[in-house]
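Asks: Have a look at this one.
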Amino acid sequence: MGDQKILVTEPTLPPLEDFIPLLEDIWDRKWLTNNGHYHQELEKALADYLGVPYISLFSNGTLALITALQALRIQGEVITTPYSFVATTHSLCWNGIQPVFCDIDPKTLNLDPEKIEAAITPNTSAIMPVHVYGNPCDVERIENIANNYGLKVIYDAAHAFGVKYKGQSVLNFGDLSILSFHATKVFNTIEGGAIISPDKKTKDRIDKLKNFGFSGETTVVAPGINAKMNELQSAFGLLQLRDIDNNIEKRKAVVNHYREQLKDISGVSFMDDMIHVDHNYAYFPIFVDKYLYGMDRDDLYEKLQEHNIYGRRYFYPLISSFSMYRHLKSANPDNLPVSNEIAEKVICLPLYPELEKSVIDNIIDIIRK
Ligand code: T4K
């Protein structure tokens, strides 16, 4: 494979020549941020593409999560998954909310609905599940539990851009969903994110919260934050949208090639497509069984690096094992056996639209040996 490093992902970029005229237009308009022309255009285009009622753009997914919790005035305890990127739980902390970790389902790697009810206390106000790797949570059972106990549901859908469940956007479930448009995501605006709202009133509140709480020129209605997306990134996002379907198709081909080649390697497993789901092929995690494979996950991870293949152990360590969370009662590994097991086995292999077949074949060869 030579000296070229193959990373877990490679950001998709629009053709530079297509960006220049948009930059010239922004230079002419002299309007750089604060709900500008391209910001409004991207919100419309995304709501249309995703099939969602209302969308508010953000400067990143983490601020979208923090603001979503503010918008619904969530307090007390929130039930969440330890098997995610650390921003999920951090967003609770930034709101003074106590995270309560609940274990994951061994098949979907999302919050296990069987275990949610046992984690509910009189202080529970919401559930924050994550559609990990873009695979939908059990949205129907989570909705039932939330309705029975009067809880809100905020989906961390950072990985779930464009994912559909039973023909409709998975972002339409729960009270709010957030997206990340970070450079490493299926759809990126360099940095960026969004909140999906079910109605105009909620979107208006969120739009105020991301703009310091301003309602008009002189009135401030809430202690909001600055989480606005600027015009350059919004214009960039419009260009990214042109090629998104094509890029998801290319990702699917990469994933299917991996699956085809890996299926007869003992001790290495992977996730299949789910029924009723249109996937976005955001990540390709494999799981290493050290006894069957004859080598543990970290040894394989290092072996791949020796060949310049830089997969990532998403999500290891678990959020619940970081120093600021491990003192929590719910962070005890006995409470999270599935999460702990999966975190020890996982490697996300390189996956991006332009990943060449010959490179995938080389990666498989290294794993096979
Ligand atoms: N919720 C969930 C479930 C999330 O996964 C995330 C973010 C969030 C919330 C928060 O959303 P944001 O606030 O980020 O919008 C990366 C991303 O930075 C992060 O967005 C993402 N999840 C997480 C899963 O992955 P790191 O710490 O792994 O990033 P880093 O810099 O190590 O890059 C990852 C790989 O991508 C490396 O191999 C390098 C490569 N890369 C990266 C960048 C930035 C490139 O090739 N080009 C680039 O421009 O977190």
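Asks: Kindly evaluate Ile154 against the criterion of being touching a residue at least 12 places away in the same chain (Cβ under 8 Å), in a strand (DSSP E or B), within 16 Å of the ligand (Cβ to nearest atom) and in contact with a Gly (Cβ under 9 Å, 6 or more places away or on another chain).
Replies: The answer is yes for Ile154.
Asks: I need a count of the residues in region 307-333 that are under 26 Å from Ser91 (Cβ atoms) and either in the same structural domain as Thr88 (by TED's automatic domain parsing) or surrounded by fewer than 22 Cβ atoms within 10 Å (Cβ to Cβ) (or both).
Replies: Of the residues in region 307-333, 18 are under 26 Å from Ser91 (Cβ atoms) and either in the same structural domain as Thr88 (by TED's automatic domain parsing) or surrounded by fewer than 22 Cβ atoms within 10 Å (Cβ to Cβ) (or both).
Asks: Follow-up. Which members of region 168-183 meet the condition of being hydroxyl-bearing (Ser, Thr, Tyr) and near the ligand (Cβ under 8 Å from one of its atoms)?
Replies: If the condition is that a residue be hydroxyl-bearing (Ser, Thr, Tyr) and near the ligand (Cβ under 8 Å from one of its atoms), then Ser180 is the only one that fits.
Asks: A further question on this structure: So, in region 74-95, of the ones that are within 12 Å of the ligand (Cβ to nearest atom) and among the β-branched types (Val, Ile, Thr), which residue ends up surrounded by the most Cβ atoms within 10 Å (Cβ to Cβ)?
Replies: Going through the qualifying residues, I end up with Thr81.
Asks: While we're here: Looking at the structure I just gave you, is Thr202 away from the ligand (no atom under 13 Å from the Cβ) and without any contact (Cβ under 8 Å) to a residue 24 or more places away in the chain?
Replies: no
Asks: Any idea how many residues of region 44-68 are away from the ligand (no atom under 13 Å from the Cβ) and not β-branched (Val, Ile, Thr)? Give the steps one after another, and end with the answer.
Replies: Residues of region 44-68 that are away from the ligand (no atom under 13 Å from the Cβ), as a first pass: 44-56.
Among the residues that remain, those that are also not β-branched (Val, Ile, Thr) are: 44-51, 53-54, 56.
Count: 11.
Asks: Could I ask something else about it? Evaluate the following for Lys115: is it part of a loop (DSSP other than H, G, I, E, B) and either away from the ligand (no atom under 16 Å from the Cβ) or at pLDDT 95 or above (or both)? Outline the logic, then answer.
Replies: Working: part of a loop (DSSP other than H, G, I, E, B): no; either away from the ligand (no atom under 16 Å from the Cβ) or at pLDDT 95 or above (or both): yes.
Criteria not met by Lys115.
Asks: Does region 182-198 contain at least one residue that is in contact (Cβ under 8 Å) with a residue 40 or more places away in the chain and among the aromatic types (Phe, Trp, Tyr)?
Replies: yes
Asks: To continue, here is another question. Give the residue, chosen from Glu10, Glu41, that is of a type in the set (D, E, K, R), open to solvent by 60 Å² or more (accessible area, probe 1.4 Å) and within 16 Å of the ligand (Cβ to nearest atom).
Replies: Only one candidate passes the filter, namely Glu10.
The values are calculated or read from the model by the stated rules, or taken from the named source; none is laboratory data. All values reported here derive from a predicted model rather than from experimental measurement. Note that we place each Cβ from the backbone using ideal geometry, even for glycine, and neighbour counts take in every protein chain shown. Heads up: the accessible areas ignore ligands, DNA and RNA and are worked out on the full protein's heavy atoms, side chains in. Shrake-Rupley method; radii C 1.70, N 1.55, O 1.52, S 1.80 Å.
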